[in-house]
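Enquirer: Starting off with a structure, shown below.
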Amino acid sequence: MAQYDLVVRNGTLATASDVFRADIGVLAGRIATIGAKLSAGRREINAEGHIVTPGGVDSHCHIEQRSSMGVMTADDFFTATRSAACGGTTTVIPFAAQYRGMSLRQVVKDYHACAGAKASVDYAFHLIISDPTDQVTGQELPALIKDGYTSFKIYMTYDALKLDDRQILEVLSVARRERALVMVHAENHDVIAWLSEGLLAAGHTAPRFHGMAHAPIAEREATSRAISLAELVDVPILIVHVSAREAMEQIRLAKAGGLKVYGETCPQYLFLTADDLDRPGFEGAKYMCSPPPRDKANQEVIWQGLVSGVFDVFSSDHAGYRYNDPEGKMKHGRNAPFKKVANGVPGLEVRTALLFAEGVGKGRIELPQFVALTATNAAKLYGLYPRKGTLAVGSDADLAIWDPDKEITITQSTLHDAMDYTPYEGKTIKGWPVTTLMRGETVAEGGEFIGAPGKGRFLKCDISPATVPLGRRTIAFDPETGSIEAAKQAEDSH
Ligand code: DUC
Ligand code: ZN
Ligand code: ZN
């Protein structure tokens, strides 16, 4: 009798630390053995000449979520996860987004109702906190954290979502006490509002002015402020979707100073530029996201940040709004002023392959770093490790099997999301995840989706070790305990 349900044979396995040749034996959806010359499986995959990585973990994507301006994303939980699977991603962490006045518990229920029957890969949820009332910070959040929602995103901009500094401090305090991870969308709201008003008043309404309104200084200032507030509270934070040198430098400096500040960037900051926002007519709307793509020099800086470890996570920030659609980018017309165009670009399916081709393929990073950035680090930061994000005995058998030589030209008609465009149309890349397995079952093969809606399972996130505070107070007062002395001692010991 076969010892394994499945054996993946002769592959070159890549984890965040090693690259080696071995077979993988899978039993009951988990990795049972990694070794040489494993005995037979009921099913066998020959991965000779292929690279086997953990399935991707995309820890920043917006699925079936209404934007702050009320536009629904094109993808529901089925199309988004189908697309993820076809791009080698087996875990997604989208958001359960609270708008003001909503109960957080109800929001979570609503998102589960959307995801349960449709998700085809495993999923967890971050919370978006836009209304940190006493009820939310005192009761709902602590209870939800215990139930496996251990990370939340806060916004420093967008009228419908933005928190002021006082509210940010409250949320950071809860995170410190309960050991949750706060993700910050760091852009200065008033700077953007002021620049936007000026631009629109002067008749500058085209998509490219979105890029101008979201100035790198607005991103830098908010990043620096978020880091300062987190340092004051003594809590780790993660700055999401960093687009430019100015903000990146703040994270680099914070890390160099020993702070637990984690950084995330996304494909749009490596592969798109402000010139894309300036395409003819309304085409630039396809490339509008916040923060926006910057210039070539910034792309290079973001690459340096990836290579040198400023960035811990490479996520898609998939937020797809169809272009030629009255429910998408054109909700307010074909030539709507930039302020009225939904922000976001798709990227779930091509995220890992873009980084594989341009990062590993072009020699900028090695395979272990690629795996760390696309899977392992996110699993660790969000409390899913080692179940997800690695190849280890006992981990879920989530595998992406790469043909490193396969060349593809990205084109929307072969992608599996619900979009009508890809910002990467026509880009040729080398290397593609030709087979994706989720818990030992093949969910994508040779460019075809062969999974099924409802097969994805909800993942409760553990408390992540990344959330342990430094124990380094910057003031001689501990707001949590009211104690002066303990904090003072900590300070004196520096
Ligand atoms: N910006 C966000 O903050 N979220 C979704 C997409 C975007 O562009
Ligand atoms: Zn954001
Ligand atoms: Zn986002």
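Enquirer: Among (1) touching a helix residue (DSSP H, G or I) at 6+ places or on another chain (Cβ under 9 Å); (2) modelled with pLDDT of 95 or more, which single condition is residue 69 missing?
Expert: Condition (2) is where residue 69 drops out.
Enquirer: Another question about this same structure. Out of 390, 422, which single residue is more than 17 Å from residue 22 (Cβ to Cβ), part of a loop (DSSP other than H, G, I, E, B) and in contact (Cβ under 8 Å) with a residue 12 or more places away in the chain?
Expert: 422
Enquirer: Within the stretch 277-327, how many residues are closer than 28 Å to residue 339 by Cβ, in a loop (DSSP other than H, G, I, E, B) and within 16 Å of ligand 3 (Cβ to nearest atom)?
Expert: 12
For (1) among the hydrophobic types (A, V, I, L, M, F, W, C); (2) crowded, with 18+ Cβ neighbours inside 10 Å; (3) over 14 Å from residue 88 (Cα atoms), each residue gets a yes or a no:
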residue	(1), (2), (3)
356	yes, yes, no
363	no, no, yes
399	yes, yes, no
403	no, yes, no
416	no, yes, no
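Enquirer: Residue by residue through the stretch 465-493, note down the ones that are at pLDDT 90 or above and in contact with a strand residue (DSSP E or B) (Cβ under 6 Å, 6 or more places away or on another chain).
Expert: The answer is 467, and nothing else.
Enquirer: Related question: Starting from the stretch 104-118, keep only residues that are assigned to a helix (DSSP H, G or I), then list their pairs with residues that are among the polar types (S, T, N, Q) whose Cβ atoms are within a distance under 8 Å, requiring at least 6 positions of separation or different chains.
Expert: 104/98; 107/98
Enquirer: Condition test on residue 106, is it under 25 Å from residue 377 (Cβ atoms) and surrounded by fewer than 21 Cβ atoms within 10 Å (Cβ to Cβ)?
Expert: no
Enquirer: Could I ask something else about it? Any residue that is in contact with a strand residue (DSSP E or B) (Cβ under 6 Å, 6 or more places away or on another chain) and within 16 Å of ligand 2 (Cβ to nearest atom) - is there at least one of those in the stretch 305-313?
Expert: Looking for residues that are in contact with a strand residue (DSSP E or B) (Cβ under 6 Å, 6 or more places away or on another chain) and within 16 Å of ligand 2 (Cβ to nearest atom), one finds at least one in the stretch 305-313, hence yes.
Enquirer: Given the conditions (1) on the phi > 0 side of the Ramachandran plot; (2) within 16 Å of ligand 1 (Cβ to nearest atom), report the number of the one that residue 284 does not fulfil.
Expert: (1)
Enquirer: I want to confirm something. Restricting to the stretch 240-275 and keeping residues that are of a type in the set (S, T, N, Q) and in a loop (DSSP other than H, G, I, E, B), which single residue is nearest to ligand 2 (Cβ to nearest atom)?
Expert: The extreme case among them is 243.
Enquirer: Applying the selection to the stretch 304-339, what residues are farther than 19 Å from residue 423 by Cβ and within 14 Å of ligand 1 (Cβ to nearest atom)?
Expert: 339
Enquirer: Just for the stretch 26-82: of the residues that are without any contact (Cβ under 8 Å) to a residue 40 or more places away in the chain and within 16 Å of ligand 1 (Cβ to nearest atom), which one is farthest from residue 346 (Cα to Cα)?
Expert: Among them, the one singled out is 70.
Enquirer: What's the total number of residues in the stretch 199-252 that are closer than 13 Å to residue 187 by Cα, of a type in the set (Gly, Ala, Ser) and out of contact with any strand residue (DSSP E or B) (no Cβ under 6 Å at 6 or more places or on another chain)?
Expert: Residues meeting the conditions: 9.
Enquirer: Quick check on the stretch 186-205: of everything there that is surrounded by fewer than 24 Cβ atoms within 10 Å (Cβ to Cβ) and not in a helix (DSSP H, G or I), which residue is nearest to ligand 2 (Cβ to nearest atom)?
Expert: 188
Enquirer: Separate question: Check the stretch 92-103 and report whether any residue there is of a type in the set (A, V, I, L, M), in a loop (DSSP other than H, G, I, E, B), within 18 Å of the chain's Cα centre (by Cα) and crowded, with 18+ Cβ neighbours inside 10 Å.
Expert: yes
Enquirer: Of all residues in the stretch 206-230, count the ones that are within 18 Å of residue 247 (Cα to Cα) and outside any helix (DSSP H, G or I).
Expert: Counting residues in the stretch 206-230 that are within 18 Å of residue 247 (Cα to Cα) and outside any helix (DSSP H, G or I) gives 2.
Enquirer: Only one of (1) in a loop (DSSP other than H, G, I, E, B); (2) surrounded by 14 or more Cβ atoms within 10 Å (Cβ to Cβ) fails for residue 153. Which number is that?
Expert: The one condition residue 153 does not meet is (1).
Enquirer: Considering 355, 348, which residue is in a loop (DSSP other than H, G, I, E, B) and under 23 Å from residue 448 (Cα atoms)?
Expert: Criteria check complete, one pass: 348.
Enquirer: How many residues does the stretch 277-318 contain that are of a type in the set (S, T, N, Q), surrounded by fewer than 24 Cβ atoms within 10 Å (Cβ to Cβ) and in contact with a Leu (Cβ under 7 Å, 6 or more places away or on another chain)?
Expert: Here the count works out to 1.
Enquirer: List the strands (runs of 3 or more DSSP E) that sit entirely inside the stretch 28-75 and contain at least 3 residues that are more than 16 Å from ligand 3 (Cβ to nearest atom) and surrounded by 15 or more Cβ atoms within 10 Å (Cβ to Cβ).
Expert: Fully inside the stretch 28-75 and qualifying: 30-35, 41-46, 51-54.
Enquirer: Find the residue count for the stretch 236-270, including only residues that are within 16 Å of ligand 1 (Cβ to nearest atom), under 18 Å from residue 216 (Cβ atoms), in contact (Cβ under 8 Å) with a residue 60 or more places away in the chain and of a type in the set (A, V, I, L, M, F, W, C).
Expert: Count: 5.
The values are calculated or read from the model by the stated rules, or taken from the named source; none is laboratory data. Note that the structure is predicted; figures quoted are calculated from it, not measured. Glycine gets a Cβ as well: all are built from the backbone with ideal geometry, and neighbour counts include every protein chain shown.
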